[in-house]
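Working notes for the structure below.
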Amino acid sequence: MKLSQSFFKTLREVPNEAEIPSHILLLRAGMIRKTAAGLYSYMPMGFRTIKKIENIVREEMDAKGSQEIRTSVLQPSELWEESGRWNAYGPEMWRIKDRNGRDFCLGPTAEEIFTEMIRNDITSYRQLPISLYQISNKFRDEARPRFGMMRSRDFIMKDNYSFDKDEEGLDKSYMDMYDAYTNVFTRCGLTFRPVEADTGAIGGSNSHEFTALCEYGESEIAYCTSCDMAATVEKADCVDAKAEEVEMLPLEKVHTPGTKTIEEVSSFLGITEDRTIKALLFVTYDDEGKEKEYVACFIRGDRELNMTKLVNALDIPEHSIEFADEEKLNEKIGAVAGFTGPMGLHDCKIVVDSELPGLKNLCAGACEEDHHVLNVNYERDYKADILVDLKTLKEGDPCPVCGAPIKHARGVEVGQVFKLGTKYSVPMGATYKDENQKDHPIVMGCYGIGISRTFQAIIDMPENHDENGIIWPFSVAPYHVILVEMKPGDEEQDKVSEELYNELTKKGVEVLWDDRKERPGVKFKDADLIGIPIQITIGRGAADGVVEYKLRRESEKVEYKVEDAIAKAVEIVNLEKDGRHFFK
């Protein structure tokens with residue numbers, strides 16, 4: 001492709017809406033263009049990389065026996081009502097009506113439509129297992145779209161679904177996809193880690209998230225360097241403090257004027273924060289948005305509440321809970337802003353962290369202005385409606401598996417695999433008949449890859465960008481080679497450029513030829529910005545059949561005869577195509 005004939009424009013200034021390096025570089029390199037908040041168009045150069053990522057995904061899915069289909073983006077509400085998710089999914093679902101008033105959604109995911117397809121066509125155990133996938137646009141009405149492809153409202157996703165007779169079959173399908181995902185992200189040039197994850201709105205029993213490790217990721221993972229433990233912070237279990245074998249002391253109410261925070265009351269009483277009980281109050285809502293109940297959570301004062309664990313304990317959608325206004329809860333449940341404790345509350349659900357029963361003689365709010373209570377003990381003084389781990393696993397906390405100190409890392413979720421079991425097949429009636437003609441629910445798995453997220457996450461890897469621009473891994477680069485012709489119109493340079501372009505193309509090398517009548521400095525800046533792996537410059541040496549050869553990842557330029565430059569580029573292309581990577 002000649003650059004003079006391309007729909008191509010780079011930006012010198014950093015766009016106002018771009019906040020992280022990958023987003024900045026995609027916009028500056030002309031790979032994407034913003035349409036509206038959370039909505040982007042893929043320009044020709046960027047779309048070539050998107051297609052290469054898609055093809056890597058297709059090759060790995062096909063290798064595992066999964067078959068590609070395409071379903072409609074528009075999904076009828078009836079299917080979502082059958083599964084119970086029409087109201088439960090939340091405000092991220094884009095709901096629309098047709099001209100007849102019938103409800104549809106723009107699919108944020110596709111469990112229902114795939115289950116409906118299978119239940120209509122699968123009747124016998126002989127037809128199982130089956131694995132189907134699609135690569136298509138998905139839509140989620142994000143409250144705060146940001147960071148380009150990382151949190152957008154329209155994104156490209158590969159989702160596929162496995163259908164098995166039993167849990168043993170699901171285990172195999174799950175591991176097949178786990179292995180395929182490992183191959184996909186390795187081939188895309190990502191530094192990543194599979195971690196245990198919460199199942200969220202998709203549901204099911206088990207899940208692993210594939211996290212691309214980078215400084216600017218929204219995901220936070222906890223991992224252990226002494227064992228294989230790795231999980232998202234939302235999912236990670238915590239180790240309770242060792243139970244205390246001491247005598248319970250009598251309750252003692254103390255005057256603590258103006259001490260509304262854990263830090264203030266600890267300082268006032270001269271105790272450490274881990275000797276206090278922290279109260280957090282919430283209100284939940286039903287499917288129609290009406291207040292349902294109040295929830296009071298209690299954890300050790302120096303701990304942080306894990307909202308995902310709370311939502312799971314309450315068995316409610318994430319969008320149906322929010323922090324309550326303590327000032328308004330005095331008459332309703334007996335809470336007192338800044339002085340709420342587990343004793344004296346009424347008409348609310350009490351959720352207590354699993355650590356508190358083992359701790360003795362703690363300090364808690366007295367549900368009375370300017371007062372706390374000392375020597376509060378579980379069961380004697382208060383009880384829980386739900387007793388569960390509510391803690392966030394922090395860096396330095398003991399590993400829940402081996403006890404070694406936990407470390408944290410940031411990353412981008414680029415893929416996730418789920419064991420759905422019969423979550424969708426039972427309510428939607430997707431069954432098969434066994435050898436004895438007895439009906440059984442089909443056992444399902446669900447597996448997603450964010451194509452557009454992966455596209456951006458690749459650039460966020462430290463090795464895939466520098467101060468000059470993108471450094472694409474060879475496997476997903478828009479082109480293999482960029483020819484930078486210094487003086488288009490010069491007879492010798494035109495001749496050598498033409499020879500390089502034709503010979504490389506003939507040998508299966510993808511070539512971008514910068515034949516624009518621009519200053520050399522502009523061409524070099526653009527070449528670095530768009531990140532094509534191999535740069536060949538045709539300048540004054542063309543008359544002698546000599547060109548400059550440079551790898552984008554390196555600073556050194558080498559002069560080669562034209563035929564040697566061609567041979568070198570072809571060698572690298574063939575190595576990469578065969579999986580014998582030249583670029584590490």
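Descriptive notes on the structure:
- For the stretch 25-48, residues that are farther than 24 Å from D141 by Cβ, in contact (Cβ under 8 Å) with a residue 12 or more places away in the chain, surrounded by fewer than 22 Cβ atoms within 10 Å (Cβ to Cβ) and out of contact with any Phe, Trp or Tyr (no Cβ under 9 Å at 6 or more places or on another chain) total 1.
- Residues that are surrounded by fewer than 15 Cβ atoms within 10 Å (Cβ to Cβ) and over 29 Å from the mean Cα position of the chain (by Cα) within the stretch 318-329 comprise D325, E327, K328, listed in sequence order.
- A Cβ distance below 8 Å, combined with a sequence gap of six or more or placement on separate chains, defines the contacts here; from the stretch 355-377, residues that are touching a residue at least 12 places away in the same chain (Cβ under 8 Å) reach residues that are open to solvent by 20 Å² or more (accessible area, probe 1.4 Å) and aromatic (F, W, Y) in the pairs L356/Y378; P357/Y378; L359/Y378.
- Filtered residue count, the stretch 90-118, keeping only those that are touching a Leu at 6+ places or on another chain (Cβ under 6 Å) and open to solvent by 40 Å² or more (accessible area, probe 1.4 Å): 2
- Qualifying residue in the stretch 539-546 (condition: under 40 Å from the mean Cα position of the chain (by Cα), without any contact (Cβ under 8 Å) to a residue 60 or more places away in the chain and either under 23 Å from T10 (Cβ atoms) or open to solvent by less than 40 Å² (accessible area, probe 1.4 Å) (or both)): no
- Scanning the stretch 440-473 for residues being open to solvent by less than 10 Å² (accessible area, probe 1.4 Å), within 18 Å of D528 (Cβ to Cβ) and more than 22 Å from the chain's Cα centre (by Cα) gives a total of 1.
- Residue in the stretch 132-146 that is in contact with a helix residue (DSSP H, G or I) (Cβ under 9 Å, 6 or more places away or on another chain) and among the small types (G, A, S) present: no
- Count - residues of the stretch 266-297 that are closer than 23 Å to H346 by Cβ and either modelled with pLDDT of 95 or more or open to solvent by less than 80 Å² (accessible area, probe 1.4 Å) (or both): 16
- Selection status of D490, out of contact with any strand residue (DSSP E or B) (no Cβ under 6 Å at 6 or more places or on another chain) and either within 26 Å of P462 (Cα to Cα) or open to solvent by 10 Å² or more (accessible area, probe 1.4 Å) (or both): yes
- Here the stretch 346-358 is the region considered, the condition is being touching a helix residue (DSSP H, G or I) at 6+ places or on another chain (Cβ under 8 Å) and part of a loop (DSSP other than H, G, I, E, B), and the residue that is surrounded by the most Cβ atoms within 10 Å (Cβ to Cβ) is C348.
- Any chance A243 is closer than 24 Å to L356 by Cβ, in contact (Cβ under 8 Å) with a residue 12 or more places away in the chain, aliphatic (A, V, I, L, M) and touching a helix residue (DSSP H, G or I) at 6+ places or on another chain (Cβ under 9 Å): yes
- Meets criteria (over 25 Å from I471 (Cβ atoms), open to solvent by less than 30 Å² (accessible area, probe 1.4 Å) and of a type outside the set (D, E)) for C214: no
- Residue list for the stretch 429-462, filter: touching a residue at least 60 places away in the same chain (Cβ under 8 Å), of a type outside the set (V, I, T) and part of a strand (DSSP E or B): Y432, K433, H440, M444, G445, C446, Y447, G448, G450
- Pairs with Cβ under 7 Å, 6+ apart, first in the stretch 498-509 and at positive phi, second hydrophobic (A, V, I, L, M, F, W, C) and part of a helix (DSSP H, G or I): G508/V573
- Looking at the stretch 246-317, the strands (runs of 3 or more DSSP E) lying wholly inside it that each contain 2 or more residues that are over 27 Å from E220 (Cα atoms), over 27 Å from the mean Cα position of the chain (by Cα) and of a type in the set (D, E, K, R) sit at 252-255, 291-300.
- Test: residue in the stretch 463-472 that is closer than 15 Å to K2 by Cα and in contact (Cβ under 8 Å) with a residue 12 or more places away in the chain: no
- Residue count, the stretch 373-406 (criterion: surrounded by fewer than 17 Cβ atoms within 10 Å (Cβ to Cβ), over 16 Å from C297 (Cα atoms) and β-branched (V, I, T)): 1
- Annotation note: Cβ proximity below 6 Å between a residue of the stretch 1-24 that is free of Cβ contacts under 8 Å to residues at least 24 places away in the same chain and a residue that is loosely packed, with under 15 Cβ neighbours inside 10 Å (sequence gap 6+ or interchain) occurs for I24/V14.
- Scan the stretch 49-81 for residues that are open to solvent by 70 Å² or more (accessible area, probe 1.4 Å) and either closer than 19 Å to G445 by Cβ or not aliphatic (A, V, I, L, M) (or both) and the total you get is 11.
- The residues in the stretch 77-104 that are outside any strand (DSSP E or B), touching a Ser or Thr at 6+ places or on another chain (Cβ under 7 Å) and either of a type outside the set (A, V, I, L, M, F, W, C) or within 19 Å of E142 (Cβ to Cβ) (or both) can be counted, and the count is 0.
The values are calculated or read from the model by the stated rules, or taken from the named source; none is laboratory data. Computed from a predicted structure; not experimentally measured. Backbone-built Cβ (ideal geometry, glycine too); neighbour counts: all protein chains shown. When the accessible area is computed, the model is the full protein with side chains, heavy atoms only, and any ligands, DNA or RNA have been set aside. Shrake-Rupley method; radii C 1.70, N 1.55, O 1.52, S 1.80 Å.
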